[in-house]
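Here's the structure we're looking at; comments come further down.
The values are calculated or read from the model by the stated rules, or taken from the named source; none is laboratory data. Only a predicted model underlies this, so the values are computations on that prediction, with no experimental measurement involved. Because the Cβ atoms are built from the backbone with ideal geometry, glycine has one as well, and the counts that use them run over all protein chains shown.
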Amino acid sequence: MNENNHVILIGYMGAGKSTVGIELARKLNREYIDLDTEIVLSEKKQIPDIFEELGEPYFRAAEAQVLRAVKGEKVISTGGGVLYFQDTGRWMKKNGTVIYLNAPFEELYERIAGDGNRPLVMNNTAASLEQVFYQRDIVYREAADLIVSVSECSVEYTLDEIIVKLTT
Ligand code: S3P
């Protein structure tokens, strides 16, 4: 039996997981959890500081731990690298419906370029971020129950599409 019944948003940086998640939680009348915010609260450090002072593997472990601590029927937006931690995809499948918010790399890159709060963006070239995008796209697709295109879409349109897919 499933322990929890969350709606979990996954996808690359800039896909709008937090923006969509907040509105989706409102529409579904569920509590909203932003995993990045939860990590900042539990570690009492900003994400770039966690990466710099404690390293990326530490961040990934903290992310996995914080995710597994979420109980009930929440809407959860995750960080783009959440699936790096072993078994997280399997945990998600058992604990809710996983929705991949998908858009072309070029569109996502326009939204994230120069963002100092995203260590991956600050520490990598556009070319290597693109490579990471294609590697992750495969992993996101494998983990997802539903794939929703957010390319050139308003938040309202995306929400309607998610709600239709969730209820049919
Ligand atoms: C990361 C994405 C970020 C945040 C961290 C690492 C990643 O979240 O978790 O900077 O590896 O893609 P967003 O996807 O919300 O930007």
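If I filter region 107-115 for residues that are farther than 19 Å from residue 37 by Cβ and touching a Pro at 6+ places or on another chain (Cβ under 7 Å), do I get at least one hit? For region 107-115, residues farther than 19 Å from residue 37 by Cβ and touching a Pro at 6+ places or on another chain (Cβ under 7 Å): absent.
The residue that is surrounded by the fewest Cβ atoms within 10 Å (Cβ to Cβ), counting only those in region 76-120 that are at pLDDT 95 or above and polar (S, T, N, Q), is 117.
In region 47-58 there is no residue matching the filter, namely being assigned to a loop (DSSP other than H, G, I, E, B) and within 18 Å of residue 15 (Cα to Cα).
Confirm whether residue 128 is at pLDDT 95 or above and over 30 Å from residue 57 (Cβ atoms). Let's see the steps before the verdict.
Working: at pLDDT 95 or above: yes; over 30 Å from residue 57 (Cβ atoms): no.
So residue 128 fails the test.
Given the structure, is residue 33 within 14 Å of the ligand (Cβ to nearest atom) and either in a loop (DSSP other than H, G, I, E, B) or crowded, with 16+ Cβ neighbours inside 10 Å (or both)?
Details: within 14 Å of the ligand (Cβ to nearest atom): yes; either in a loop (DSSP other than H, G, I, E, B) or crowded, with 16+ Cβ neighbours inside 10 Å (or both): yes.
So residue 33 fits the description; yes.
Here is the figure for region 79-126: residues that are within 12 Å of the ligand (Cβ to nearest atom) and either of a type in the set (Gly, Ala, Ser) or in a loop (DSSP other than H, G, I, E, B) (or both) total 9.
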